[in-house]
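J.: There's a structure below that I have some questions on.
The values are calculated or read from the model by the stated rules, or taken from the named source; none is laboratory data. From a predicted model like this one, the values you see are computed outputs, not experimental measurements. In this analysis, Cβ positions are derived from the backbone assuming ideal geometry, glycine residues included, and neighbour counts consider all displayed protein chains. Areas reflect the complete protein model, heavy atoms only, side chains present, ligands, DNA and RNA absent. Shrake-Rupley method; radii C 1.70, N 1.55, O 1.52, S 1.80 Å.
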Amino acid sequence: MSSKSQLTYSARANKHPNALVQKLFEIAEAKKSNVTVSADVTTTKELLDLADRLGPYIAVIKTHIDILSDFSEETITGLKALAEKHNFLIFEDRKFIDIGNTVQKQYHGGALRISEWAHIINCSVLPGEGIVEALAQTAAAEDFPYGSERGLLILAEMTSKGSLATGQYTTSSVDYARKYKNFVMGFVSTRHLGEVKSEVSSPSDEEDFVVFTTGVNLSSKGDKLGQQYQTPESAIGRGADFIIAGRGIYAAPDPVEAAQRYQKEGWDAYLKRVGAQ
């Protein structure tokens with residue numbers, strides 16, 4: 001695991017060159033939470049209700065905005081207002097995977113207007129380097145109004161059984177992150193990837209990519225569709241900086257109580273990792 005993972009969020013925020021990562025770490029420290037809730041609900045009312053109820057206990061809310069049956073201006077304004085009210089970031093789990101010209105239009109424009117409200121997006125590098133270059137170009141354009149308030153996570157690994165996001169695919173994910181580090185803030189992966197070396201790139205002392213790990217659940221080992229779960233402690237022990245929990249929170253009998261439990265377990269695991277417990 002990278003030595004950066006042994007540092008506190010505050011220490012990493014103080015030295016981090018990426019303004020959005022600084023803000024993310026500051027939120028985590030202020031709220032004592034490294035929880036990202038995956039709000040996989042299907043109406044705006046459900047999404048905004050969940051964001052308002054769980055907002056005080058999370059660092060990030062992760063959306064799949066295209067599963068909403070009634071996406072509208074109300075969705076955008078509501079999400080942005082709640083992110084401000086409760087001090088969390090919005091991560092749209094769009095998993096961009098297309099040629100550069102197409103993803104630029106999907107991100108900045110289109111029906112979902114993702115760049116207007118999502119602080120964080122992600123992509124797969126299956127199409128090659130061009131997809132990362134295109135998204136980074138969009139965010140760096142002079143007429144892009146959100147500047148340093150936007151960042152990209154590369155989908156380097158997945159938690160589903162039989163995932164093909166391994167080997168050279170994962171190595172290339174790290175190579176592209178290093179090349180476009182001004183926009184790439186880190187990875188969605190099952191472990192820390194800071195030690196990855198290739199013929200193209202090697203880790204540097206300044207490198208500090210953020211790791212989000214999906215499939216975190218306190219009570220289940222998986223589902224019938226190939227999802228494989230791990231606990232907050234095991235995820236953070238392997239290098240996750242932020243844990244992503246979905247059904248374990250939003251489908252719980254009491255989602256607020258569940259979010260508080262994940263918040264405590266995730267924070268305790270983080271304190272243990274940085275030697276503060």
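J.: Would you work out what percent of the accessible area of segment 109-245, with all protein chains in place, is carbon or sulfur (probe 1.4 Å)? Let's see the in-between values first.
T.: Numbers: 2990 of 6070 Å².
The computed percentage sits at 49.
J.: On to the next question. Extent of segment 105-258 along each principal axis, from alpha carbon coordinates, in Å, largest to smallest?
T.: 47, 39, 28
J.: I'd like the accessible area for residue 143: 1.4 Å probe, protein heavy atoms, all chains in place, Å² to the nearest 10.
T.: Residue 143 has an accessible surface of roughly 130 Å² with all protein chains in place.
J.: Here's a follow-up. When Rg is the radius of gyration of the Cα atoms in the chain and Rh is its Kirkwood radius, what does Rg/Rh come to?
T.: 0.93
J.: Could you list the residues of segment 192-213 with an amide nitrogen less than 14 Å from a label point located 7 Å from the Cα of residue 163 in the Cα-to-C-beta direction?
T.: 192-193, 211-213
J.: Now, a different point. Once R0 is set to 35 Å, what does the formula 1/(1 + (r/R0)^6) return for the Cβ-Cβ distance between residue 30 and residue 66, expressed as a FRET efficiency to the nearest 0.05? Mind dumping the intermediate values first?
T.: Working: r = 31 Å, r/R0 = 0.89.
FRET efficiency, residue 30 to residue 66: 0.65.
J.: Work out how much length residue 195 to residue 219 would gain on full extension: take 0.36 nm times their residue separation and subtract the Cα-Cα distance, in nm to one decimal.
T.: 5.5 nm
J.: Give me the accessible area of residue 244, 1.4 Å probe, in Å² rounded to the nearest 10.
T.: 10
J.: When ligands, DNA and RNA are left out and all protein chains stay put, how many square angstrom of accessible area per residue does segment 1-128 have with a 1.4 Å probe? Spell out each step's value before the answer.
T.: Numbers: 5260 Å² over 128 residues.
Value for segment 1-128: 41 Å² per residue.
J.: Residue 158's amide H: which non-local residues (gap 5+, or another chain) put their own amide H closer than 5 Å, with H modeled 1.01 Å from N in plane and none for Pro or chain starts?
T.: The answer is 165.
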